[in-house]
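The values are calculated or read from the model by the stated rules, or taken from the named source; none is laboratory data. What you see is a predicted model, and the numbers here were worked out from it, not measured in a lab. Cβ placement follows ideal geometry from the backbone for every residue including glycine, while neighbour counts extend to all protein chains displayed. Heads up: the accessible areas ignore ligands, DNA and RNA and are worked out on the full protein's heavy atoms, side chains in. Shrake-Rupley method; radii C 1.70, N 1.55, O 1.52, S 1.80 Å.
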Protein chains: 2
Amino acid sequence: MLQSQTVPASFHIEATAGKARAGRLVTPHGEIETPVFMPVGTLASVKGVPQETLEELGAQIILGNTYHLYLRPGVETVRRMGGLHGFMAWPRAILTDSGGFQVFSLNELRKVSEEGVTFRSHLDGSPHFFSPESATEAQIGLGADIIMAFDECTEYPADRGRVRASMELTQRWAERCKRYFEEHKKEGLWQKSGQSSVASGRRPAGSEAIEQPGNGPVDHRPPATGHCQSLFGIVQGGMDRELRKESAERTIAIGFQGYAIGGLSVGEPRALTREIVESTLEHLPEDKPRYLMGVGTPEEIVEYASQGVDMMDCVLPTRAARHGLLFTSEGKVSIKQARYAQDQNPPDPNCGCRVCQRYSRAYLRHLYASNEMLAQVLNSIHNLSFYLDTMRRVRHSISLGEVRLSF
Amino acid sequence: MLQSQTVPASFHIEATAGKARAGRLVTPHGEIETPVFMPVGTLASVKGVPQETLEELGAQIILGNTYHLYLRPGVETVRRMGGLHGFMAWPRAILTDSGGFQVFSLNELRKVSEEGVTFRSHLDGSPHFFSPESATEAQIGLGADIIMAFDECTEYPADRGRVRASMELTQRWAERCKRYFEEHKKEGLWQKSGQSSVASGRRPAGSEAIEQPGNGPVDHRPPATGHCQSLFGIVQGGMDRELRKESAERTIAIGFQGYAIGGLSVGEPRALTREIVESTLEHLPEDKPRYLMGVGTPEEIVEYASQGVDMMDCVLPTRAARHGLLFTSEGKVSIKQARYAQDQNPPDPNCGCRVCQRYSRAYLRHLYASNEMLAQVLNSIHNLSFYLDTMRRVRHSISLGEVRLSF
């Protein structure tokens with residue numbers, strides 16, 4: 001039993017089409033069909049969208065940001081509330097980033113050393129320190145199904161010497177993350193299935209884990225199948241194909257349950273992003289999930305899936321929604337425009353989501369123009385539905401062996 | 001057939017307990033069990049709450065504000081989109097106020113004359129004019145099931161001469177509203193059931209009106225039962241019991257399908273509000289619905305129902321929710337307080353709403369402290385659920401003949 005508690009997520013490829021793969025990632029909180037798009041819930045909430053709606057939309061895994069959760073409400077609070085699953089009442093899978101990219105985004109507020117990163121909170125300027133060990137410890141406390149190594153995201157542009165030095169630092173940090181994780185992974189909350197007293201306060205004692213979306217108390221602990229958290233490594237190397245290859249090989253040598261491509265979408269031209277993704281993918285193992293961090297538009301997630309990426313996340317669907325931009329089967333719709341003021345059509349005539357089935361463009365335009373909160377809620381639901389539907393179509397195409405994935 | 005189109009809402013009392021009544025108000029868009037609480041959807045949206053959630057909560061009728069809708073998106077736009085029902089995709093009953101109270105709230109931006117009120121938009125300062133006729137015309141265009149006479153809401157405090165003059169003006173305006181309504185009520189949109197081409201663009205031609213919450217297109221036109229809009233009169237008279245009595249008698253003499261008590265909650269002590277409500281109710285007919293405008297706390301809506309009020313509305317549940325105040329069976333919970341940071345209990349342990357069934361106080365506190373939009377959404381859903389449940393309990397008590405209604 002104790003041994004079985006150290007089984008990480010498993011991954012199986014079920015179909016391929018060219019370089020694209022349709023797979024199944026088994027996590028302690030459910031199976032994930034890949035390629036998968038992961039909605040971003042930075043502060044333990046996908047902005048404006050209740051968890052029961054995310055379930056209805058078919059979201060299989062969502063993302064949380066360690067940097068933000070570390071600052072608010074704090075790792076210890078989340079841990080005491082049953083980890084992220086218990087705290088936010090989300091029974092399906094969760095992935096947390098390591099905070100590396102978030103800290104990178106702080107620019108002047110951070111200072112990098114061999115040991116880790118000193119940074120100041122964007123909230124109150126208070127000083128903090130993240131190391132590979134502390135970032136991994138925080139993620140064990142948050143209790144996501146998949147956690148990420150703490151890396152340095154190299155700025156763009158950067159000269160080759162700087163990119164190599166940064167990549168080397170990420171490799172040393174990756175080793176430290178792996179070591180810390182192996183020594184401490186059994187301290188995770190929900191790994192102690194069937195024994196832990198930390199869970200939703202409303203779960204009847206001794207009850208089995210049953211997923212009951214929107215209908216009665218939800219037990220957020222995984223069934224006692226002996227799974228534990230999985231640690232993914234992150235490949236860096238800037239925009240240099242050789243350094244990316246070296247980073248991939250060295251990260252694989254350390255050994256992780258999955259491999260992410262980090263350090264992209266940091267200001268470089270989109271064609272360069274594609275080139276680096278494509279070349280880096282060639283060096284990643286076939287039998288492990290491949291996660292491209294922080295992309296992209298609907299067209300891009302289809303393209304990256306066709307290149308062999310299994311997992312993606314992006315704030316774009318929800319952030320764009322809050323600014324009145326809808327993604328539809330007919331292209332982008334800027335719902336704030338006056339041309340939609342009397343448009344009785346649904347946002348997307350080919351979409352089956354609850355927003356498109358009920359509301360008109362005229363109504364969504366009115367909500368946006370009137371600063372009604374419901375605008376952001378409904379726009380976010382539709383955009384997430386569009387992204388998740390897009391990925392479902394991609395998976396279906398791959399399972400049919402279609403090499404050219406259409407958007 | 002033409003004659004049947006002029007049948008207004010009908011009202012039947014099914015049980016009484018002391019002064020309290022349990023009734024049934026039949027509108028073109030469904031039956032309403034009274035006493036009823038009406039959530040406020042000022043701009044054709046109950047702030048932060050999707051219409052499908054309002055249906056799930058059991059809201060039978062919601063309120064829209066003519067003043068706000070007249071400014072944005074404009075009456076003609078709403079009319080072309082199938083009236084408020086079609087525009088906001090709400091198949092159940094709607095009541096619109098006349099704009100009288102809203103214009104009163106503008107203070108320095110308004111000027112009252114015998115003809116009507118000149119006022120400036122709170123949005124852009126543009127000049128506008130509401131008369132009894134134009135306010136009624138606007139409400140016919142918006143197409144709510146129940147519309148209100150255009151009144152002058154008397155300021156508080158005011159001397160007796162001022163209150164009498166204001167009440168007399170309201171009476172003259174009430175006569176003009178009634179006259180205009182009788183002459184124009186057949187011009188309403190959905191009165192032409194089975195013939196109108198103005199309806200949801202997604203309704204299959206010739207289909208019957210079927211309510212399908214959250215599942216496929218909704219037809220927002222009423223079934224062809226021959227109903228039309230109902231016009232309610234408003235009793236004014238400030239804090240003077242004699243003037244209230246006179247206003248009630250003169251309003252009844254004009255003849256409306258229901259009677260509202262307006263001009264309260266304008267700054268007077270709450271005990272005085274109660275006294276005026278109680279005395280005014282004595283002068284209203286037993287067989288017509290009685291609507292107390294703009295109240296109140298959960299305790300107050302129970303008390304007013306026990307006095308014989310049939311309909312109430314208030315922004316309090318949603319406004320308080322946006323400020324982190326929850327109404328619960330154990331009293332008010334200010335969810336922003338640090339004491340709830342690790343409280344795993346649901347917001348209200350005795351509440352069956354989707355929020356209380358799923359989320360903890362700790363999570364709601366975190367969402368509020370982190371300025372997450374979901375805080376406002378979930379708090380609003382719970383507070384509305386609490387108000388609507390409270391009214392359901394009150395109705396049940398009345399049907400059992402319980403004179404003392406408990407909160």
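Before moving on, here are some points about what is shown:
- Answer residue from segment A:117-140, given it is of a type in the set (G, A, S) and under 23 Å from the mean Cα position of the chain (by Cα) and is surrounded by the most Cβ atoms within 10 Å (Cβ to Cβ) among those: A:A135
- Selection status of B:H184, at pLDDT 55 or above, surrounded by 13 or more Cβ atoms within 10 Å (Cβ to Cβ) and in a loop (DSSP other than H, G, I, E, B): no
- Exactly one residue out of A:N345, A:N350 is closer than 28 Å to A:I32 by Cα and modelled with pLDDT of 95 or more, and it is A:N350.
- Of all residues in segment B:385-407, those being part of a loop (DSSP other than H, G, I, E, B) and among the small types (G, A, S) number 2.
- Hey, A:P91 modelled with pLDDT of 95 or more and open to solvent by less than 10 Å² (accessible area, probe 1.4 Å) or not: no
- Comparison of B:G23, B:G30, B:G83, B:G64 shows that the only residue that is more than 10 Å from every other protein chain (Cβ to nearest Cβ) and in contact with a Lys or Arg (Cβ under 7 Å, 6 or more places away or on another chain) is B:G30.
- With respect to being at pLDDT 95 or above and either at negative phi or out of contact with any Lys or Arg (no Cβ under 7 Å at 6 or more places or on another chain) (or both), A:E108 falls outside the description.
- Failed condition for B:C177, given (1) under 27 Å from B:E52 (Cα atoms); (2) modelled with pLDDT of 95 or more: (1)
- Out of B:A253, B:A271, B:A248, sole residue that is hydrophobic (A, V, I, L, M, F, W, C) and open to solvent by less than 30 Å² (accessible area, probe 1.4 Å): B:A248
- Subset of segment A:370-381 that is within 11 Å of chain B (Cβ to nearest Cβ) and closer than 13 Å to A:L325 by Cα - its residue that is most open to solvent (accessible area, probe 1.4 Å): A:Q376
- The lone exception for A:K47 - which of (1) more than 9 Å from chain B (Cβ to nearest Cβ); (2) closer than 28 Å to A:E372 by Cβ; (3) of a type in the set (K, R) it fails: (1)
- If you filter segment B:141-167 down to residues that are assigned to a loop (DSSP other than H, G, I, E, B) and touching a Leu at 6+ places or on another chain (Cβ under 6 Å), you find that the one that is most open to solvent (accessible area, probe 1.4 Å) is B:E152.
- A:D310 meets each of the listed conditions (1) touching a Leu at 6+ places or on another chain (Cβ under 8 Å); (2) of a type in the set (D, E, K, R); (3) more than 23 Å from A:I94 (Cβ to Cβ) apart from (3).
- Segment A:380-406 residues that are in contact (Cβ under 8 Å) with a residue 60 or more places away in the chain, paired with ones that are part of a loop (DSSP other than H, G, I, E, B) and small (G, A, S) (beta carbon under 6 Å, 6 or more apart): A:S380/A:G48; A:L388/A:G58; A:V403/A:G18
- Residues considered: B:E208, B:E152. Of these, the only one that is among the charged types (D, E, K, R) and either more than 23 Å from the chain's Cα centre (by Cα) or modelled with pLDDT under 80 (or both) is B:E208.
- Residue in segment A:382-405 that is out of contact with any strand residue (DSSP E or B) (no Cβ under 9 Å at 6 or more places or on another chain), of a type in the set (D, E, K, R) and more than 13 Å from chain B (Cβ to nearest Cβ) present: yes
- Taking segment B:269-288 as the range and being assigned to a loop (DSSP other than H, G, I, E, B) and within 24 Å of B:L63 (Cα to Cα) as the test, the residues that pass are B:L284, B:P285, B:E286, B:D287, B:K288.
- Residue check for B:A320: among the aliphatic types (A, V, I, L, M) and over 24 Å from B:I61 (Cβ atoms): no
- Looking at B:G58, B:G83, B:G48, just one residue is modelled with pLDDT of 95 or more, on the phi > 0 side of the Ramachandran plot, in contact with a His (Cβ under 9 Å, 6 or more places away or on another chain) and of a type outside the set (K, R), and that residue is B:G83.
- Tally, over segment B:133-187, of residues that are among the hydroxyl-bearing types (S, T, Y) and closer than 21 Å to B:R80 by Cα: 2
- Of the residues making up segment B:1-17, those that are modelled with pLDDT under 95 and either in contact with a Ser or Thr (Cβ under 7 Å, 6 or more places away or on another chain) or crowded, with 22+ Cβ neighbours inside 10 Å (or both) are B:P8, B:A9.
- Within segment B:223-240, the presence of a residue that is buried (at least 19 other Cβ atoms within 10 Å of the Cβ), at pLDDT 95 or above and in a helix (DSSP H, G or I) is excluded.
- Test for A:L106: is it more than 14 Å from chain B (Cβ to nearest Cβ), open to solvent by less than 10 Å² (accessible area, probe 1.4 Å) and either out of contact with any Cys (no Cβ under 9 Å at 6 or more places or on another chain) or within 30 Å of A:E168 (Cα to Cα) (or both): no
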